[in-house]
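A quick write-up on the structure given underneath.
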Amino acid sequence: MQVELLSDKYKAHILTNKNVDEIYDLLSKNILYYEYCPPFVTRQTIQEDMRILPPGKVIEDKYYIGFCQDGKLIAVMDLNDGYPEKLIVYIGFFMTDISVQGRGIGTEIIDYLCRYLSGLGYESVRLAWVKGNPQSEHFWLKNGFTPLMETTSNVAEEVILAERIL
Ligand SMILES: CC(C)(COP(=O)(O)OP(=O)(O)OC[C@H]1O[C@@H](n2cnc3c(N)ncnc32)[C@H](O)[C@@H]1OP(=O)(O)O)[C@@H](O)C(=O)NCCC(=O)NCCS
């Protein structure tokens with residue numbers, strides 16, 4: 001997987017500790033998300049999220065990605081290659097800047113990502129949303145993700161695990 005090929009329209013790149021302030025600026029404006037998924041974001045939780053891994057995975061499988069438009073960070077995605085199986089990609093987190101929401105940018109990023117991964121031979125993309133968060137639920141359903149089961153995770157007691165077949 002080549003991160004710079006994950007989007008044709010936005011500049012996709014790996015985010016590092018140097019980007020923490022711009023990431024904080026983007027995340028901290030999405031108040032609704034943290035109402036369903038406390039605690040509220042801090043610079044420290046961002047640095048922890050940059051390193052957290054799904055069970056059995058190594059840091060080389062993890063991509064904490066920023067998408068930029070005209071030099072401004074407009075979306076953040078945590079992507080895990082080969083979880084829970086080799087040909088499945090797991091999105092741990094996805095958020096767009098509040099100033100660009102509702103314009104189809106989130107959908108565009110997810111659609112392009114899915115086409116790119118399909119071309120590489122991946123079979124599906126999985127993720128989970130916090131049960132009851134209308135914004136996340138509507139977005140992922142609209143983007144072709146089908147609920148697989150209700151479960152628990154490290155982010156919330158009740159989450160819906162969902163999958164989009166590529
Ligand atoms: C979900 C999110 C990524 C969508 O990004 P976006 O750039 O606005 O995406 P799009 O413009 O392609 O789609 C917007 C869709 O979001 C959903 N949505 C946005 N706000 C909503 C709300 N308050 N209530 C219900 N649905 C909402 C709708 O399905 C909407 O589709 P519509 O335009 O057909 O009504 C963005 O709202 C976000 O970052 N939210 C906070 C983080 C989050 O919930 N991430 C997903 C879980 S990890």
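Here are some notes:
- TYR83 meets the conditions (1) hydroxyl-bearing (Ser, Thr, Tyr); (2) farther than 17 Å from LEU161 by Cα; (3) more than 12 Å from the ligand (Cβ to nearest atom) in every case but one. The failed one is (2).
- Looking across ILE105, ILE160, ILE110, one residue alone is touching a Ser or Thr at 6+ places or on another chain (Cβ under 7 Å) and either more than 23 Å from THR45 (Cβ to Cβ) or surrounded by 20 or more Cβ atoms within 10 Å (Cβ to Cβ) (or both). It is ILE105.
- Residues of region 33-78 classified as polar (S, T, N, Q) and assigned to a strand (DSSP E or B), total: 1
- For region 113-140, residues that are of a type in the set (Ser, Thr, Tyr) and within 12 Å of the ligand (Cβ to nearest atom) total 1.
- Being surrounded by 18 or more Cβ atoms within 10 Å (Cβ to Cβ) and not basic (Lys, Arg) is a property that THR146 lacks.
- The numbered conditions (1) more than 10 Å from the ligand (Cβ to nearest atom); (2) outside any strand (DSSP E or B); (3) in contact with a Gly (Cβ under 9 Å, 6 or more places away or on another chain) are all true for ARG164 except (2).
Rule-based calculations on the coordinates, nothing more; no lab input. None of the values given here were measured: they were computed from a predicted structure. Cβ coordinates were reconstructed from backbone atoms using ideal geometry, including for glycine residues, and neighbour counts include every protein chain displayed.
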